[in-house]
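K.L.:
The structure that follows is given in the form of structure tokens.
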Amino acid sequence: MPQHFQSLHVQSLRALHNSSKAPDLVLLHGWGMSSEVWAEWLPVLRQHCNITLLDLPGYGPSDHSSHSLIHSLKKNKLAELLRLCLEKLPEKAIYVGYSLGGMLAVNIAALFPERISALITLSSNVRFVATEAWPWSMDEETFQTFSTLVAEKPAIALKRFAGLQAHGFSNDKSLIKIIREKSTAFPDEVLVESLQLLSEINNQAVLAELTVPALCIYGEEDSLVPVMAAEKIQLEFDIQVEIITGAPHAVFLSHAQECWQKIACFLSQKTLLDVDNVDDRMLDKQLIAKSFSRAATTYDSVADLQRRVGQQLLTYLPTMPADNIVDNVVDLGCGTGFFSSTLQTVFSDSQLIGLDLAEGMVAFASNRSEYGSWLCGDAENLPLAENSIGIIFSSLAIQWCEDSDALFSEVFRVLKPGGSFVFSTLGPATLHELRNAWCSVDNYIHVNRFVEQSVLVESIIRAGFSAENVRGRLTEDYITLEYDALKHLTRELKSLGAHNINNGRPVGLTGKHRVRAFKDAYEQQRNEQGMLPATYQVWYGVLEK
């Protein structure tokens, strides 16, 4: 292998369950991006697949000196790039590629069909630049104008390209922000040369000769790959085509769950993926992150329960001998960083890491503290090395995790031997008064649901913690808050970012009659002091690795 290609960045992530049986899946990013663009997909994909993330030469964390390889890629050298990529990739895998990544994956499937079990492309055209033979692409004049902009003002070009990828989506500003966050700085030459490569790929003959199962997904509102191209591909080639209504070019970001459902169904039909229910709650996690991000500035003003529980949890921290220094301490679900400062004081010689799913919370916490490192990440897919953390502190955060097996497996993985996970979480009896009032009105899910303790215990044991370590180490408490008016409770839940994010929640506005009936039902639960109760079931636990 050429020396300059040794620095190609490839990251492998094993499936969270049954990794020996899970299929291998390779993800290829698009032009002007890196493998970071798949971050929101990883928690769901790792439930079913072993993941390999590839950064094309010059992109992402790969050594930017390797981009000279792209410079040598003329039309007859595309196979060389693909062959060298394959040396770093699984022997046989499902390939999912976005835009340029999809166009490259098509060529891998054509040139090396023995290495591909299935091909999935997202917003990938036959050609990026229109020709007489394939007019359903960007016209030549527009491409040349954009190409000049890339060469002369690459930062502006990336910004404009982010807009093009989001164009047609109703919430395009937030989508543009996500895309731009994944469009990190690349050497100008990399952008120019890879854009040239993109313009030269012609997959018209290649698609006609595919022998592997293939699925192509497109957005109805795509401004870079017109829907006419998708319809033409469906007519001209023996390929399954899916068009997602209202979706832009960045269809896998704007309509993540719909994309995953279509992919999972396709792979299940080809007996490549065994899933009982393809309705994984990918978007629910995004809703959680967005909900708490919006609440960052109001959270502390109404977080009385969180303060009480967090203060109690601090008493569960292990007492460390004077000569035993904990290298790294993680505040998992750090929120606004309220308890991070206390942890930094308790473990003054340690490196504090505040980690939260909500970007807005992480930004708020980092601004209020001059100490520590701050990470935006998922507890079910921790961006931390194995055996690297001495103590993980997590107060009222893990109840928002959908997959308790993944959560505790990740905690066990990153803890050092002898390390501790000190946590509090909510049980299913939480806010039972609110739930009972709604149950008298309709069958929708209006109150967040949390798992039974037995589910947590089973997940903890499966993760690797000993049964003796777990049983008897979870303590229970009930905390009842009181309100003189229902609106104060609902306003508090909204300010905390803890309003309803469950599947099965009502969509749209709730009718006035149902709201009135709900309020009447809750009023029946006033206590002897004339106050409305709201009860929280809290569990505290300490796990040692």
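The values are calculated or read from the model by the stated rules, or taken from the named source; none is laboratory data. The model shown is predicted, which means the values in this text are computed figures rather than measured ones. Note that each Cβ is placed from the backbone with ideal geometry, even for glycine, and that neighbours are counted across all protein chains shown. Each accessible area value is taken on the protein alone, full model and side chains, heavy atoms only, with ligands, DNA and RNA left out. Shrake-Rupley method; radii C 1.70, N 1.55, O 1.52, S 1.80 Å.
K.L.:
Suppose each label sits 7 Å from its Cα in the direction of the beta carbon; what would the residue 475-residue 156 distance come out to in nanometres?
P.N.:
6.4
K.L.:
Got a number for carbon plus sulfur as a percent of the stretch 95-211's accessible area, 1.4 Å probe? Show your work: numbers first, answer last.
P.N.:
Details: 2600 of 4920 Å².
Ligands and nucleic acids excluded, carbon and sulfur reach 53 percent.
K.L.:
Still on this structure, I have one more. Convex hull over the alpha-carbon atoms of the stretch 318-420: what's its volume per residue in Å³?
P.N.:
Cα-based convex hull of the stretch 318-420, divided per residue, equals 90 Å³.
K.L.:
Once the piece of chain linking residue 139 and residue 523 is laid out straight, how much longer is it, given 0.36 nm per residue of separation minus the C-alpha distance between them? Walk me through the numbers before you get to the answer.
P.N.:
On the way: separation 384, 0.36 × 384 = 138.24 nm, distance 6.46 nm.
Between residue 139 and residue 523, full extension yields an extra 131.8 nm.
K.L.:
Round to the nearest 0.05 the FRET efficiency obtained for residue 491 and residue 375 when R0 = 35 Å and r is the Cβ-Cβ distance.
P.N.:
Values: r = 31 Å, r/R0 = 0.87.
It comes out at approximately 0.70.
K.L.:
Relative contact order (percent) for the stretch 184-245, with alpha-carbon contacts under 8 angstrom and 6 or more residues of separation?
P.N.:
Numbers: 45 pairs, mean separation 19.9, N = 62.
In percent, rounded to a whole number, it is 32.
K.L.:
Just report the Cα centroid separation between the stretch 413-428 and the stretch 333-409, whole Å.
P.N.:
12
K.L.:
Still on this structure, please answer the following. Gain in length, residue 240 to residue 84, computed as 0.36 nm per residue apart minus the alpha-carbon separation, to one decimal in nm?
P.N.:
53.3 nm
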